[in-house]
Every structure is written in C-alpha cells, then in structure tokens.
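Trainee: Provided herewith is a single structure, encoded as structure tokens, for subsequent inquiry.
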Amino acid sequence: MKKTLFFCILFSSLGFSQQVLKRITQTSSYTGVEFFVLRNGTSSGDVIGSYSFDTFLSSLYGSVKLYDNQYVYEGQVVMGDFTTIPPNQVCNGTYLVAYSRADQIEGFSNSFNSNNPIGLPVAIDTNNYKELGQGTNVDLLYTNLKIANLTLPFFTPVPEGTWITVNSREGVDLATGQVVVPSKRLGFKFTGGAWVMQTSDWLSVPFDVLEEDCLPPILSSGSFGNLESSISIYPNPSKNYITIQNKANADGNFEYQIIDITGRIITNGKSVFNANINTESLSNGNYILKITIDSNEVAFKKFIKN
C-alpha cells in the first residue's frame with residue numbers, strides 16, 4: 001500500500017492525540033484519499049496494543065458530501081458484497097486484513113431535491129485489519145476513496161470550484177461499546193485540473209489536521225527499526241529449516257513466533273542466532289517470523305516454506 005490516514009481518540013478536545021492518519025494520492029484522473037483508524041496508540045509510532053474495535057457497531061463508511069456553490073449533495077452508496085481478498089499487509093507488516101468490501105457511489109442527490117442528482121463517481125474500499133498474532137479482533141478501520149475528475153454519465157469535467165468533503169469511519173470499542181474514535185473530516189476543492197486539499201470548507205469551518213501514514217516504522221513497547229535492518233533469514237525459500245542471523249549480535253538469544261498470512265501463530269519458541277529453526281511441519285506457503293530480543297526490540301521478517 002502507499003500512504004495512510006489515522007484517527008483521534010474520543011474527547012480529543014481534552015488533549016488526546018490523534019489516532020487517524022491520512023494518505024493522499026494524486027493521479028491524472030482521480031484523487032485518492034486513504035483513512036487508517038487505529039484503536040491502539042496515539043500516533044503512527046505506537047499502534048500495537050490489546051484494544052479492539054467492535055466491527056458490528058463501528059461505522060462501515062465515512063460520509064461523502066459535495067457542494068457546487070448552490071446545493072450540498074449527499075453521497076448515495078450502492079452496497080456491494082463482502083469480497084474475499086488475499087491478506088495484505090499495511091503499516092510495515094504490523095497488520096493483516098480481516099474483512100473487506102468494495103462499493104461505489106454512483107451519484108449524489110441534493111438535500112432539497114432528490115430528483116436533481118449530480119454525477120460524480122467515488123469508489124470506496126473498506127477493510128478491517130487485525131494485528132499480526134492477535135487473534136481475529138480488529139484494530140484498524142480502513143477506508144480508501146477515489147474521487148474522480150470526470151462526471152457521469154457524459155464524462156464531462158467536474159466544474160471548477162466544486163467542493164467535496166470526506167469523513168473517516170467512527171470506531172466503537174469492543175469491550176465497552178463506547179465511541180472511541182470520532183469521525184474526522186478532510187476537504188478538497190476542484191481547481192480545474194485536480195482536487196486540491198483545503199484547510200477549511202466553503203463556510204470557513206476548519207478541516208481536521210491529520211498525521212501522515214504509517215512511516216516511520218511502527219513501535220510496540222520496545223524499539224523497532226534497528227533490529228529489522230540487522231536481521232536476515234536463510235535459506236529463503238526454506239524447506240526443512242531456517243537460520244536467523246543478526247549482524248549486530250551474532251551469538252545473542254531471541255524469542256520467536258511463526259505467523260501465517262491469516263495472523264495465526266503457528267509455533268513459537270526460543271533460540272540463538274545462527275542456530276537452525278525446524279520448519280518441516282509447516283505447510284507450504286508464506287509466513288512471517290516475529291523476533292524479540294532481550295532489550296524488547298522487535299523485528300518482523302517474511303519467509304517462504306516450500
């Protein structure tokens with residue numbers, strides 16, 4: 001994936017940090033807006049934890065509104081079926097997809113006259129992500145909106161000066177049922193060639209200021225990054241065993257977990273660098289090795305069993 005967006009916690013007015021990050025992607029035909037809503041952590045540097053979202057109560061979509069200098073139009077979502085997609089990683093491999101669906105806003109109707117639609121296609125993908133090795137509970141709500149530069153049905157340019165606002169999803173805590181991540185709003189104005197992000201809307205109401213995506217690497221309770229660059233796995237692909245090397249500490253001890261692409265921990269144990277870890281019992285496929293050393297540094301490495 002490219003960049004990302006993440007949300008704030010409830011009562012942000014009391015000083016809590018954001019838990020929503022954003023990623024904006026500009027192309028010649030559309031503007032992509034991605035929201036990543038985190039249940040754990042307060043920034044892109046710390047998102048791993050034990051709290052989870054209630055996926056039944058959390059919102060499935062952030063809302064979309066359009067303003068054409070006369071009317072406000074509400075997005076009408078055409079619901080799609082849940083889709084089965086390969087698990088994919090976001091945030092430096094910390095999360096795997098749990099559930100996914102893709103939908104399309106085919107047009108907007110204005111609030112005062114539903115018979116006066118305006119065509120502006122907005123594609124929406126919504127995924128729920130879970131942490132690696134943390135069961136099936138969802139920790140990250142994702143939305144990807146693609147705002148086109150052309151209108152339907154005649155594929156004419158969007159009128160210059162048109163506004164659009166998009167909102168991130170609102171999360172509900174699994175344990176308490178309380179809203180923990182209120183929806184955040186971003187806005188864009190069409191300048192004749194592209195949708196340009198604005199600091200406030202047509203009524204001079206400020207938009208939210210969101211952090212950028214999941215870079216630099218995400219941290220848990222320990223550090224993450226130095227160990228990642230020191231670790232290597234061979235042979236990869238493997239057949240009967242893997243050997244873990246650490247350029248910074250060739251003889252050190254570590255704990256490990258082998259995690260499949262669904263996030264399930266297949267096996268775990270303790271070892272020392274440059275010793276073999278048996279992989280004969282693993283089914284052929286892709287795996288992630290989580291390594292933790294005594295200083296609480298953590299690294300994730302991919303390997304293939306064949």
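Trainee: Of everything in segment 136-163, what is buried (at least 21 other Cβ atoms within 10 Å of the Cβ), among the β-branched types (Val, Ile, Thr) and either within 22 Å of the chain's Cα centre (by Cα) or farther than 19 Å from Ile24 by Cβ (or both)? Give them in sequence order.
Mentor: Matches in segment 136-163: Val138, Thr143, Ile147.
Trainee: Please indicate, with yes or no, whether at least one residue in segment 257-265 is at positive phi and open to solvent by less than 70 Å² (accessible area, probe 1.4 Å).
Mentor: yes
Trainee: Oh, and also: Among Val181, Val209, which is open to solvent by 50 Å² or more (accessible area, probe 1.4 Å), more than 18 Å from Tyr30 (Cβ to Cβ), modelled with pLDDT of 80 or more and among the hydrophobic types (A, V, I, L, M, F, W, C)?
Mentor: Step by step, each of Val181, Val209 is checked, and only Val209 is open to solvent by 50 Å² or more (accessible area, probe 1.4 Å), more than 18 Å from Tyr30 (Cβ to Cβ), modelled with pLDDT of 80 or more and among the hydrophobic types (A, V, I, L, M, F, W, C).
Trainee: Return the pairs, sorted by first residue and then second, in which the second residue is open to solvent by 90 Å² or more (accessible area, probe 1.4 Å) and modelled with pLDDT under 75, the first residue lies in segment 146-158 and is within 13 Å of Phe108 (Cα to Cα), the beta carbons are less than 8 Å apart, and the residues are 6+ apart or on different chains.
Mentor: Leu152/Glu106
Trainee: Next up: Just to be sure, is Val166 in contact with a strand residue (DSSP E or B) (Cβ under 9 Å, 6 or more places away or on another chain), at pLDDT 85 or above and either open to solvent by 20 Å² or more (accessible area, probe 1.4 Å) or among the charged types (D, E, K, R) (or both)?
Mentor: So Val166 fails the test.
Trainee: Can you pull out every residue in segment 47-90 that is modelled with pLDDT under 60, closer than 30 Å to Phe300 by Cβ and either out of contact with any Lys or Arg (no Cβ under 6 Å at 6 or more places or on another chain) or in a loop (DSSP other than H, G, I, E, B) (or both)?
Mentor: Matches in segment 47-90: Thr83, Thr84, Ile85, Pro86, Pro87, Asn88, Gln89, Val90.
Trainee: Something else: Mind listing just one residue for me: the one in segment 225-239 that is part of a strand (DSSP E or B) and at pLDDT 85 or above and, of those, farthest from Thr279 (Cα to Cα)?
Mentor: Ser232
Trainee: May I ask you to say which residue of Ile242, Ile288 is of a type in the set (A, V, I, L, M), surrounded by 15 or more Cβ atoms within 10 Å (Cβ to Cβ) and under 27 Å from the mean Cα position of the chain (by Cα)?
Mentor: Exactly one residue qualifies, and that residue is Ile288.
Trainee: Out of the residues in segment 253-284 meeting the condition of being at pLDDT 85 or above and small (Gly, Ala, Ser), tell me which one is farthest from Val138 (Cα to Cα).
Mentor: For segment 253-284, the residue satisfying everything is Ala275.
The values are calculated or read from the model by the stated rules, or taken from the named source; none is laboratory data. Note that the coordinates shown come from a computational prediction; the quantities given were computed from them, not determined experimentally. Don't worry about glycine lacking a Cβ; one is built from the backbone with ideal geometry, like all the others, and counts go over all protein chains shown. To get the accessible areas, we keep the full protein, side chains included, count just its heavy atoms, and leave off ligands, DNA and RNA. Shrake-Rupley method; radii C 1.70, N 1.55, O 1.52, S 1.80 Å.
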